[in-house]
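The values are calculated or read from the model by the stated rules, or taken from the named source; none is laboratory data. As the structure is a prediction and not an experimental result, all values here were calculated from the model. Cβ sites come from the backbone with ideal geometry, for glycine too, and all protein chains shown count toward neighbours. For the accessible areas, the whole protein counts, side chains as well, though only heavy atoms, and no ligand, DNA or RNA atoms are used. Shrake-Rupley method; radii C 1.70, N 1.55, O 1.52, S 1.80 Å.
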Amino acid sequence: MSLATTLLHKKAAPWWLSGPALMLFTVLLLVPLALTAVLSFNAFDPATGVKAGEFTLEHYAHVFTDSYYHAIFWRTFWIAGLVTLICVLIGAPEAYILSRMGNPWRSILLLVVLAPLLVSVVVRAFGWSMLLGPEGLVNGALQLIGIGPVKMLYTEIAVVIALVHVMLPFMVIPVWTSLQKLDPGVENAALSLQATPFTTLRRIVLPQVLPGILSGSLIVFGLAASSFAIPGLLGGRRLKMVATVVYDEYLHELNWPLGAAIALTLLVANLVVMLSYNRLVEGRYKRSLG
């Protein structure tokens with residue numbers, strides 16, 4: 001075998017090894033996404049349904065010009081942003097405490113953090129509906145201190161609370177992983193040089209865990225913006241988010257092209273927001289590390 005053939009085989013080896021994964025990725029993601037994109041341009045007649053072979057931009061024009069969809073997209077993204085912010089404020093300190101714990105308390109707290117992932121999202125949503133209802137435990141506690149009853153079920157409050165509960169592990173784990181790579185000697189050196197604990201946390205720890213915070217924020221925002229079960233069960237029929245509108249268009253209105261157009265618009269908007277946030281945080285991370 002010649003040298004050129006050997007080099008060619010070495011270059012082709014990674015492609016052969018990654019071939020099955022690439023094929024699975026193509027079949028399960030790219031092909032359905034392409035079919036959804038084609039469907040979003042199909043014409044639709046309420047009497048006959050989807051008109052195969054006839055294409056139009058009417059559905060996208062409807063999404064971009066109708067104030068109804070503007071309000072739904074705005075509600076979806078501000079709820080997703082608020083959930084992400086709350087998860088950062090709760091999850092980052094929780095991960096820091098977790099990283100400083102010793103066994104067996106670290107294992108116990110890690111189990112507590114991961115335990116919600118073992119329960120179905122639908123079951124957790126029903127649990128929150130009972131807790132936040134007019135006769136629920138939360139309103140009962142508020143009435144004991146002279147507040148309430150407060151309407152929380154079928155409002156943004158219920159959706160935000162339940163989404164934070166569901167998404168928090170996706171913030172804690174990336175931040176905790178970043179903290180595992182942090183050398184404790186660096187933190188101790190800062191403290192030995194008379195830096196205050198707050199300054200050490202801000203100047204030493206925080207810049208090095210920014211990649212974990214970035215990863216967790218992107219995961220939480222993407223999942224919160226596209227969530228369906230919790231907005232559907234805790235938001236009710238009036239509090240619409242993009243995923244519930246897509247569901248309605250597909251199964252109630254049977255307007256599949258419009259549903260596909262809304263879904264793809266959400267996907268593109270999600271990508272724009274997350275890529276912009278990624279660039280912003282990565283830029284600050286690079287500047288902080290010099």
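Rounded to the nearest 20, the size of the Cβ-charge dipole of the chain about its Cα centre is 1000 debye, with Lys and Arg at +1 and Asp and Glu at -1.
Could you check how much of the accessible area of the stretch 71-150 is carbon and sulfur, as a whole percent, using a 1.4 Å probe?
78 percent
With the simple model of a label 7 Å out from the Cα in the direction of the Cβ, A61 to E253 spans 1.6 nm. With 0.36 nm allotted per residue and the present C-alpha distance subtracted, the L29-L144 stretch has 36.3 nm of extension available.
Sum up the charges of everything whose Cβ sits under 15 Å from the Cβ of A225, counting Lys and Arg as +1 and Asp and Glu as -1, but leave A225 out.
Summing Lys/Arg as +1 and Asp/Glu as -1 gives +1.
Based on DSSP H segments of at least four residues, each scored -39500 (n - 2.57), the chain has a per-residue ellipticity at 222 nm of -24000 deg cm²/dmol.
Along the axis of the charge dipole computed for the chain (Cβ charges of +1 for Lys and Arg, -1 for Asp and Glu, origin at the Cα centre), the listed residues M167, L118, G212 are led at the positive end by G212.
For the stretch 179-272, a simple Cβ point-charge model (Lys and Arg +1, Asp and Glu -1, everything else neutral) yields a dipole of about 240 debye relative to the Cα centre.
Along each principal axis, taking the top coordinate minus the bottom one, the Cα set of the chain gives 86, 76, 34 Å in descending order. Accessible surface area normalised per residue over the chain is 60 Å², counting heavy atoms of protein chains with a 1.4 Å rolling probe. For the pair R238 and L201, the difference between a 0.36 nm per residue extended length and the Cα-Cα distance amounts to 8.9 nm. Potential lengthening of the chain between F126 and V112 amounts to 3.1 nm, from the contour at 0.36 nm per residue minus the alpha-carbon distance.
Residues considered: V122, V220, V31. Largest GNM mean-square fluctuation over the chain, using C-alpha springs under 10 Å, is found at V31. Accessible area per residue was computed with a 1.4 Å probe on protein heavy atoms; Y247 scores about 90 Å².
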